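A short worksheet on the structure shown next.
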Amino acid sequence: MLSRYKFRRPFKLCKFRFFSSYVENPEAISKRSSSSTSCSSSNPSLVCSNNLTIIKHSDQGEIFQLNKIIARCVRSGDLDGALRVFNGMRVKDTVTWNSLLVGFTKDPSRMREAHQLFDEIPEPDTFSYNIMSSCYVRNGNFDKARSFFKQTPVKDAASWNTMITGYARRSEMEKARELFDEMTEKNEVSWNAMISGYVECGDLEMALSFFKAAPVRGVVAWTAMITGYMKAKKVELAEAMFKDMTVKRNLVTWNAMISGYVENSLSEDGLKLFKAMLKDGIRPNPSGLSSVLLGCSELSALRLGRQIHQLVCKATLCNDVTTLTSLISMYCKCGDLDDAWKLFKAMKRKDVVPWNAMISGYAQHGKAEKALCLFREMRENKIRPDRITFVAVLLACNHAGLVDIGMEFFDSMVRDYGVEPRSDHYSCMVDLLGRAGKLEEASKLIKSMPFRPHAVDYGALLGACRVHKNVEMAEFASKKLLELNPRNAAGYVQLANVYASRNLWEDVARVRKRMKQSNVVKVPGYSWIEIGNNIHQFRSSERIHPELDSIHNKLKELEKKMILAGYTPELEFALRDVEEEHKEKLLLWHSEKLAVAFGCLKLPQGSRIQVFKNLRICGDCHKAMKFISEIEKREIIVRDTTRFHHFKDGSCSCGDYW
């Protein structure tokens, strides 16, 4: 006769009332709960015998439907609604309690309540324990997570995987390995957790051994290995893994390859793969689009960036803050501030990130006044600045030579905003002071840092020494830079440039010899320009471009006109101990001049020329661009490693302060 019933122990009403406080009329619900659980209840669907609550089959349909409603409320974030349904139920099963428990564990601030609710479950099952273990793992409380794991009466695969994944994410691979070895029935999730954990730790050898040993290699395992190889700059191994995949690639796999290419300075390969992904019918997500747009920024591929903007609109991502911010950043880095500003103004929701992107864009273009004005507007809109905001603000001050204002912002970071200065803030300040000629103050600031200086700090000081031709300070900065990073080519090259500016050719030769002995290779300078759908790249003294003769003829024509207009070559930037005539020829064939001359030949008269360089523009090229802009009656934009230079009508937006 009793086979028609399911048995549950009655819960303790005195503790359960704690949860009644979340509903609008707790007293009424408490009474209803009390009457429905009383042993003397006349309710025909409940029979109490020997302290057991018997749930009739007739109640199961009602419980099932109400459980679905609770689950739906939890998924939508309506925990109060879930509680109202829960407190109004005449009969509950363990699924009911677990459904509500999931809701509480989603909110880290309600862990105490989640624990209390767990204690009220009449018969917690394995899933109940797994919910609690997983929650404490997510919130970093491994002592509690371990406690629930050990108490779990019957551990299933999810119980083990929760703990293994938790340890792996904390890079505690020894503990993860111990549990993995104890586990009797491992599944794909178990193997994936170990592979991903070793990848995150940078132990690709162990990751590969687990990958090969895994009985089933799903897309997660393949993607983890690809990500690991890309992070370790082993691009060829990542490519081989991607090519050899025996399972269908998903969006995450494509994103791992594309972002890996971009992060390894292979943006062109990343953009090609993105096009292949689209042909394969895979729709991009905000994360993937951010990588692709970063690739466009690195290549200054504005045309492709605009096409991706159209794709964003078609893909109904017009209100996605991450994607729109990436577009703003792309337009800024590709030299189109107007479109960046239009997009920024049109955004309906703006957190601190798009504000940072726009302020940084103005700073890179030398528009300090607009950058600082936007910072004030940001504060008026009650947006709290973060550390990235102050990097952008200090950069704006740096490019405009606003030393006092920059110092005031730097001092206000902790005082007014509670933002502790980091290495990038100090680097900005060192550069700001150094380029203003305050080399001693810049050196003192480095020494006063609350942490060990980074190579970039001495690099900034060394760059300032190049501007002001300070040999003694340059030798000090170069020494410190190479102590921190002996393979840093800038430590040799910049010092050699300082010597060359003083015509100290023996010292130049000595530095170059040391550099060669240390097997340090200088990054070759090159410039590029986008014409139509093609990107044309030029190196100094270019010899292989198919239209080189026409380019040289155009440069010679421009040189004659420049000399008539008053131009004289800045020979100190020809860093070779050769005759003056040879120096002039070397300067004329600098990569940025070749690119501009090609633009003059290929772009319509009067249209803007935009050139990009992988190093800082040299002083002679900067001077020549001002003359060419006036002669050709067109705006010339040059983006180097630090900023944009807008040349128009014989002058530059930087005001010759760079």
Using Cα pairs under 8 angstrom and six or more residues apart, how large is the relative contact order of the chain, in percent?
5
Those trypsin sites (Lys or Arg not before Pro) from the range 303-386 that are DSSP loop and have at most 14 other Cβ neighbours within 10 Å turn out to be Lys348, Arg349, Lys382
At 0.36 nm per residue, minus the direct Cα-Cα distance, what do Glu572 and Arg422 gain on full extension? Give it in nm, one decimal, please.
50.4 nm
Cα axis of helix 219-231 to longest principal axis of the chain: angle in degrees, 0 to 90, nearest 10?
30
Using distinct alpha-carbon pairs, which all enter the 1/r mean, Kirkwood radius of the range 129-227 in Å:
13.4
Kindly count the pairs of lysines across the range 426-517 whose alpha carbons are less than 27 Å apart, treating pairs on different chains or eight or more residues apart as eligible.
18
Give me the net charge of Cys332's neighbourhood, meaning all other residues with Cβ under 11 Å from the Cβ of Cys332; Lys, Arg count +1, Asp, Glu -1.
0
Hey, what did the range 527-652 get for relative contact order, percent, Cα under 8 Å, at least 6 apart?
26
So what's the angle, to the nearest 10 degrees on a 0 to 90 scale, between helix 591-602 and the longest Cα principal axis of the chain?
90
Taking the square root of 5 times each eigenvalue of the Cα gyration tensor, what semi-axes in Å does the equivalent ellipsoid of the range 560-652 have, largest first?
21, 15, 12
Any lysines whose Cα falls less than 16 Å from that of Lys370, other than same-chain ones fewer than 8 residues away, would be Lys342, Lys345
Calculated from backbone phi, Karplus (6.51, -1.76, 1.60) coupling profile of the range 318-333 in Hz, x at Gly/Pro
5, 10, 7, 4, 4, 5, 5, 5, 4, 5, 4, 4, 4, 4, 4, 6
For n ≥ 4 DSSP H runs only, could you compute -39500 (n - 2.57) per run for the chain, divide by its residues and tell me the 222 nm figure to the nearest 500?
-20000 deg cm²/dmol
Quick shape check on the chain: root eigenvalues a ≥ b ≥ c of the Cα gyration tensor, a/c under 1.5 is rounded, otherwise prolate if a/b tops b/c, else oblate, and it reads prolate
For the chain, the longest stretch holding no GluC sites (Glu not before Pro) located in a DSSP loop with at most 14 other Cβ atoms within 10 Å is which?
186-546
Amide H within-cut-off set for Arg639, under 5 Å, with H built and near neighbours excluded
Val611, Phe612, Lys613, His645
At a temperature of 4 °C and a viscosity of 1.567 mPa s, determine how fast the range 426-517 diffuses translationally according to Stokes-Einstein, using the Kirkwood radius over alpha-carbon pairs as Rh; express D in µm²/s, rounded to the nearest whole number.
100
Can you compute 3J(HN,Hα) from phi for each residue in the range 619-630, using the Karplus curve 6.51 cos²θ - 1.76 cosθ + 1.60 with θ = phi - 60°, rounded to whole Hz and x for Gly and Pro?
x, 5, 5, 4, 5, 5, 4, 5, 5, 5, 4, 6
Going fewest to most other Cβ atoms within 10 Å around each Cβ, His365, His425 line up as His425, His365
Candidates per trypsin sites (Lys or Arg not before Pro) in the range 151-247, loop by DSSP, up to 13 other Cβ within 10 Å:
Lys233
DSSP-loop chymotrypsin sites (Phe, Trp or Tyr not before Pro) across the range 444-495, with at most 11 other Cβ within 10 angstrom
Phe451
Scoring only Lys, Arg, Asp and Glu (+1, +1, -1, -1) among other residues with Cβ under 14 Å from the Cβ of Ile282 yields +4
Aspartates and glutamates near Lys583 by alpha-carbon distance under 13 Å, same-chain residues fewer than 8 away left out - which ones?
Glu570, Glu572, Asp620
Can you give the angle from 0 to 90° between the axis of helix 471-484 and the longest principal axis of the chain, with both taken from C-alpha atoms, to the nearest 10?
30
Unit charges on C-beta of K, R, D, E only; dipole of the range 426-517, Debye
280
For the range 71-81, what does the Karplus curve 6.51 cos²θ - 1.76 cosθ + 1.60, with θ = phi - 60°, yield as ³J(HN,Hα) per residue in whole Hz, taken in order and with x for Gly and Pro?
4, 5, 4, 5, 4, 8, x, 8, 5, 4, x
A 22 angstrom limit on the alpha carbon distance is what I want to check against. Which of Lys367/Lys556; Lys212/Lys272; Lys556/Lys633; Lys272/Lys333; Lys333/Lys560 exceed it?
Lys367/Lys556; Lys212/Lys272; Lys333/Lys560
So what is the relative contact order of the range 495-587, in percent, for Cα pairs below 8 Å that sit 6 or more residues apart?
23
Provide the net charge surrounding Trp341, with neighbours chosen by a C-beta distance below 15 Å and charges set as Lys +1, Arg +1, Asp -1, Glu -1.
+1
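Just so you know, all these numbers are worked out from the coordinates, no wet-lab data involved. Predicted model only: the values in this text are computed from it and were never measured. Glycine also receives a Cβ, built like all others from the backbone with ideal geometry; neighbour counts cover every protein chain displayed.
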